[in-house]
Number of protein chains: 2
Amino acid sequence: MPTQPECAVPDLTTARQAPLLRFESLLREHAADIEAWFRAQWRATPPPFYGSVDLRNAGFKLAPVDTNLFPAGFNNLNPAFEPLCIQALQAAFERVMPTACGVLLIPENHTRNQFYLENVAVLTELIHNAGYRVHVGSLRDDLHEPETLPLASGRELVLHPIQRTADGHVRIDGFTPCLVLLNNDLSGGRPALLENLGQPVIPPLGVGWSSRLKTQHFTQYNAVGAEFGELLGIDPWWVTPMFRNCGSVNFKEHEGEDCVARNVELLLEDIRAKYKQYNVTEEPFVIVKADAGTYGMGVMTVKSGDELRHLNRKTRKKMSATKEGREVDAVIIQEGVPTLERVDGDGELPGGPAEPVVYMIDHYVVGGFYRVNAGRSTQENLNAPGARFKQLAFAEPGVHPHHGGEADCHTNRFYAYGVVARLALLAAAREIAHVHAAEPSVTVAQPVEAA
Amino acid sequence: MPTQPECAVPDLTTARQAPLLRFESLLREHAADIEAWFRAQWRATPPPFYGSVDLRNAGFKLAPVDTNLFPAGFNNLNPAFEPLCIQALQAAFERVMPTACGVLLIPENHTRNQFYLENVAVLTELIHNAGYRVHVGSLRDDLHEPETLPLASGRELVLHPIQRTADGHVRIDGFTPCLVLLNNDLSGGRPALLENLGQPVIPPLGVGWSSRLKTQHFTQYNAVGAEFGELLGIDPWWVTPMFRNCGSVNFKEHEGEDCVARNVELLLEDIRAKYKQYNVTEEPFVIVKADAGTYGMGVMTVKSGDELRHLNRKTRKKMSATKEGREVDAVIIQEGVPTLERVDGDGELPGGPAEPVVYMIDHYVVGGFYRVNAGRSTQENLNAPGARFKQLAFAEPGVHPHHGGEADCHTNRFYAYGVVARLALLAAAREIAHVHAAEPSVTVAQPVEAA
């Protein structure tokens with residue numbers, strides 16, 4: 001604190017290459033109003049336990065394109081932010097379970113993904129360091145005894161089979177948790193083991209991808225964006241990706257394609273109108289993706305309705321199923337936001353287009369990383385791990401703006417990320433509130449409130 | 001988080017020179033119990049808004065020797081912990097004032113102390129970066145217009161004269177706060193300007209040094225230490241400095257000195273018994289200090305009762321008045337805890353004995369620093385700024401233990417500091433609860449509670 005942070009970006013070329021966003025100056029000038037507004041929002045609607053948001057920064061707009069309520073990249077965060085994560089976890093747990101107790105963390109089943117396992121190990125460590133007992137329980141059918149997985153980082157992860165007691169509680173050998181924390185997005189459906197449980201399940205089963213729809217999220221987000229636009233006196237489009245949807249779609253059976261094609265055309269027209277209004281010279285494009293999709297699966301970039309009418313077999317197949325073989329029966333047709341963020345190569349891996357992913361615990365921003373994919377264009381989904389894919393931790397957590405600095409100095413860039421990511425988190429909070437209204441039996445986290 | 005922190009102390013020799021404390025291993029092993037215990041304590045008694053605690057690490061014991069509810073060294077913290085401070089401030093403000101509003105920060109009056117002014121500037125910046133409007137209002141009688149003070153760091157501090165409205169609210173020109181945050185320890189008395197105010201005053205006037213007594217704090221601390229000792233199955237003495245007191249004392253008039261001398265002897269006997277029990281070979285000593293003293297004033301090291309009976313004129317004078325000329329009419333006779341912490345010289349300043357000072361906001365540890373004084377012995381008060389005095393920021397905030405590491409690796413050393421400092425913070429919380437019980441009109445912060 002004795003010295004002002006400098007407006008330099010040591011390991012990123014992005015912040016300097018991006019044109020100065022009028023939006024970032026606005027955020028900096030109105031930080032007190034924005035923070036007061038967020039505080040009022042969290043009092044009205046409790047924040048999710050945690051979340052991560054994929055952003056796209058086009059220079060002329062900064063918008064979320066996906067919001068994950070089961071964040072899977074804690075291992076990609078800057079280790080320097082560990083205390084920040086721990087403090088936020090303590091606040092989050094205090095809100096959902098005021099009495100002290102133990103946590104059962106339930107991860108995804110795909111235990112061969114080393115990166116994901118590192119995420120689970122880091123998350124477990126953070127919860128442990130926050131002062132809670134924590135064990136990892138697996139939903140895998142084939143797990144009958146504890147299994148120890150050695151990880152590349154030198155860590156070990158012990159997966160325990162979960163038992164359900166006669167009185168409707170889950171436990172593992174020697175440990176009965178008082179809270180179940182899901183890091184499994186339930187793409188495979190709501191597990192019977194966790195239905196009508198004696199312990200609270202956070203986040204609630206109803207926001208897993210077996211129930212959740214991206215169109216619902218972005219419907220909530222539209223409202224949040226409009227309220228935020230009103231607060232700052234800006235066009236909500238600056239922070240909002242437009243979208244459209246059709247009813248049911250089956251690419252394999254050629255069903256509903258016409259509707260998708262028509263809506264792609266309508267959305268492209270809307271984007272063209274906005275580009276004209278703001279003198280944007282980019283070529284409009286649209287992202288079509290599974291409405292309940294995740295892990296970057298079932299996503300395509302489209303520049304005309306006709307492309308939908310002439311899908312080849314490979315694309316049909318790609319668009320027909322998502323994680324765990326789940327069939328795609330609906331899609332979201334979302335405004336494509338080009339990314340002008342770019343990270344340079346580092347000798348080991350080539351540079352490429354990048355998109356920021358912001359991590360939040362409770363209503364606190366705790367860091368993030370750039371997803372860089374040298375094999376993709378600025379108009380494509382970058383979440384396609386492979387040889388030319390890397391993640392680069394943010395140098396700063398984005399907790400506050402730098403009032404003395406240039407609008408696009410990295411501190412302010414990260415703050416802008418944090419603000420827009422929290423808008424998406426707020427939309428997710430409203431989704432969860434709807435789930436709670438529909439399933440009153442589930443545990444309701446308390447809003448941010450002094451009394 | 002991908003890599004484990006190493007057990008190395010880059011810029012401190014202390015952690016390696018200190019003998020491995022069995023206590024630190026215990027804390028690491030019982031971290032989950034300790035954190036659960038603290039959570040229960042904060043639910044029962046709300047934490048102070050902020051605080052700093054001076055610790056002394058003797059190797060055979062680690063104890064607080066002073067607890068400050070108006071911390072004056074935010075400028076000495078590691079700038080890397082700024083996000084941690086901001087997050088904790090957000091949590092603290094949410095607890096004391098759920099609705100969004102502005103803060104009036106009231107600092108000490110001594111505006112010639114550059115170090116203190118930097119503290120005020122940093123604190124203001126942190127509150128601002130936490131998303132609150134904040135202005136600095138001065139209690140100085142001679143201030144009739146805003147005064148801008150340029151600081152060595154390049155910062156500027158603007159002091160505003162405070163007005164009180166007819167309906168009992170304070171304001172400055174163009175700004176009516178909804179909360180008054182005191183960074184003034186009220187050694188000079190309770191200011192009439194702030195009595196029976198329409199806005200909450202945090203911390204309450206009743207815990208200023210015009211009302212607070214160290215003996216009251218350490219009475220509360222005795223109870224906290226005993227409860228903590230029971231939790232861990234350890235002798236509370238490991239974390240508790242014994243103390244005694246007399247009634248009124250007037251060193252200038254030679255009144256009450258016999259009582260002090262007698263109690264020094266009794267306390268020395270108690271210390272000798274404890275040293276014998278634990279095979280401690282150090283020479284016992286006692287600290288006599290003003291019961292309402294602060295800023296390291298009115299403090300002496302004593303090794304026999306006789307020393308009290310033969311005070312010279314200079315010492316009498318030193319022990320007769322403390323900050324702002326306040327007369328000393330009572331003292332605390334406290335077990336001296338030698339410090340075996342030492343920081344090496346750095347070319348610019350010589351090395352010397354060091355004591356850790358831990359900073360907390362709400363119930364969160366947010367960092368700290370070593371107070372190093374080359375001109376003092378390991379048995380003396382180190383809080384005597386001068387040419388051979390420096391402060392060295394902690395390399396880690398002490399938020400969590402390092403479960404894989406050596407017991408005295410620096411992460412665990414800092415965690416131990418954080419635990420004992422929070423014990424003192426809890427004692428202060430209980431003091432504040434007493435003040436609230438006595439002055440029901442003052443605003444009561446809410447305990448840490450989900451509901």
Only one of A:A88, A:A40 that is within 14 Å of another protein chain (Cβ to nearest Cβ), surrounded by fewer than 22 Cβ atoms within 10 Å (Cβ to Cβ), closer than 24 Å to B:Y364 by Cβ and among the small types (G, A, S): A:A40
Would you say A:H403 is more than 21 Å from A:F369 (Cα to Cα), out of contact with any helix residue (DSSP H, G or I) (no Cβ under 7 Å at 6 or more places or on another chain) and either modelled with pLDDT of 80 or more or not assigned by TED's automatic domain parsing to the domain that holds A:Q199 (or both)? no
Being at pLDDT below 95, over 23 Å from B:L55 (Cβ atoms) and surrounded by fewer than 16 Cβ atoms within 10 Å (Cβ to Cβ) narrows B:G233, B:G206, B:G189 down to just B:G189
Which numbered condition trips up A:L104, out of (1) in contact with a Phe, Trp or Tyr (Cβ under 9 Å, 6 or more places away or on another chain); (2) within 11 Å of chain B (Cβ to nearest Cβ)? (2)
Among the residues listed as A:T176, A:T165, the single one being among the hydroxyl-bearing types (S, T, Y) and surrounded by 15 or more Cβ atoms within 10 Å (Cβ to Cβ): A:T176
So B:V365, is it within 14 Å of another protein chain (Cβ to nearest Cβ) and under 27 Å from B:Q334 (Cβ atoms): yes
Condition broken by B:T315, with the remaining ones in (1) buried (at least 17 other Cβ atoms within 10 Å of the Cβ); (2) touching a strand residue (DSSP E or B) at 6+ places or on another chain (Cβ under 7 Å); (3) closer than 29 Å to B:W209 by Cα satisfied: (1)
Of B:V136, B:V170, B:V120, B:V158, which residue is aliphatic (A, V, I, L, M) and surrounded by fewer than 16 Cβ atoms within 10 Å (Cβ to Cβ)? B:V158
Does B:E341 satisfy the condition of being acidic (D, E) and either in contact with a helix residue (DSSP H, G or I) (Cβ under 7 Å, 6 or more places away or on another chain) or farther than 30 Å from B:G247 by Cα (or both)? yes
Tell me which strands (runs of 3 or more DSSP E) are completely within the stretch B:233-304 and hold 3 or more residues being hydrophobic (A, V, I, L, M, F, W, C), or say none if there are none. B:286-290, B:299-302
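Which of the residues spanning the stretch A:107-123 are within 11 Å of another protein chain (Cβ to nearest Cβ) and modelled with pLDDT of 95 or more?
Within the stretch A:107-123, A:E118, A:N119, A:A121, A:V122, A:L123 meet the criteria.
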Quick check on this structure: which one of A:P98, A:P79, A:P71 is over 15 Å from A:I202 (Cα atoms) and either more than 7 Å from chain B (Cβ to nearest Cβ) or not acidic (D, E) (or both)? A:P79
Look at A:R43 and say whether it is at pLDDT below 90, assigned by TED's automatic domain parsing to the domain that holds A:F228, in a helix (DSSP H, G or I) and touching a Pro at 6+ places or on another chain (Cβ under 7 Å). no
For the stretch A:137-170, which positions are within 22 Å of A:G188 (Cα to Cα) and either within 14 Å of chain B (Cβ to nearest Cβ) or touching a residue at least 60 places away in the same chain (Cβ under 8 Å) (or both)? A:V170
Among the numbered criteria (1) at pLDDT 80 or above; (2) within 14 Å of another protein chain (Cβ to nearest Cβ), which one does A:E449 miss? (1)
Residue by residue through the stretch A:129-141, note down the ones that are within 24 Å of B:A40 (Cβ to Cβ) and under 23 Å from the mean Cα position of the chain (by Cα). A:A130
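Per-residue answers, yes or no, for (1) over 30 Å from A:V239 (Cβ atoms); (2) in contact (Cβ under 8 Å) with a residue 12 or more places away in the chain:
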| site | (1), (2) |
| --- | --- |
| A:G174 | yes, no |
| A:N183 | no, yes |
| A:G189 | yes, yes |
| A:L193 | yes, yes |
| A:N196 | yes, yes |
| A:Q199 | yes, yes |
| A:L213 | no, yes |
| A:T219 | no, no |
Qualifying position, being assigned by TED's automatic domain parsing to the domain that holds B:A424, crowded, with 23+ Cβ neighbours inside 10 Å, at pLDDT 90 or above and in a strand (DSSP E or B), among B:D66, B:D54: B:D66
Of all the strands (runs of 3 or more DSSP E) wholly in the stretch A:108-161, which have at least 1 residues that are in contact with a Phe, Trp or Tyr (Cβ under 6 Å, 6 or more places away or on another chain)? A:134-138
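Within the stretch A:94-107, how many residues are touching a residue at least 40 places away in the same chain (Cβ under 8 Å) and in a loop (DSSP other than H, G, I, E, B)?
4
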Identify all residues within the stretch A:353-370 that are touching a residue at least 60 places away in the same chain (Cβ under 8 Å) and touching a Pro at 6+ places or on another chain (Cβ under 8 Å); write none if there are none. A:Y359, A:M360, A:D362, A:H363, A:V366, A:G367, A:G368, A:F369, A:Y370
Subset of the stretch B:339-352 [surrounded by fewer than 24 Cβ atoms within 10 Å (Cβ to Cβ) and either in a loop (DSSP other than H, G, I, E, B) or without any contact (Cβ under 8 Å) to a residue 24 or more places away in the chain (or both)]: B:L340, B:D344, B:G345, B:D346, B:G347, B:E348, B:L349, B:P350, B:G351
Step by step: first the residues of the stretch A:195-241, then only those that are of a type in the set (F, W, Y) and under 15 Å from the mean Cα position of the chain (by Cα), then the one that is farthest from A:R95 (Cα to Cα). Which residue is that? A:F218
Single match in B:E324, B:E355 (criterion: among the acidic types (D, E), under 25 Å from the mean Cα position of the chain (by Cα) and assigned to a strand (DSSP E or B)): B:E355
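The values are calculated or read from the model by the stated rules, or taken from the named source; none is laboratory data. This is a predicted model, so every value here is computed, not measured. Glycine gets a Cβ as well: all are built from the backbone with ideal geometry, and neighbour counts include every protein chain shown.
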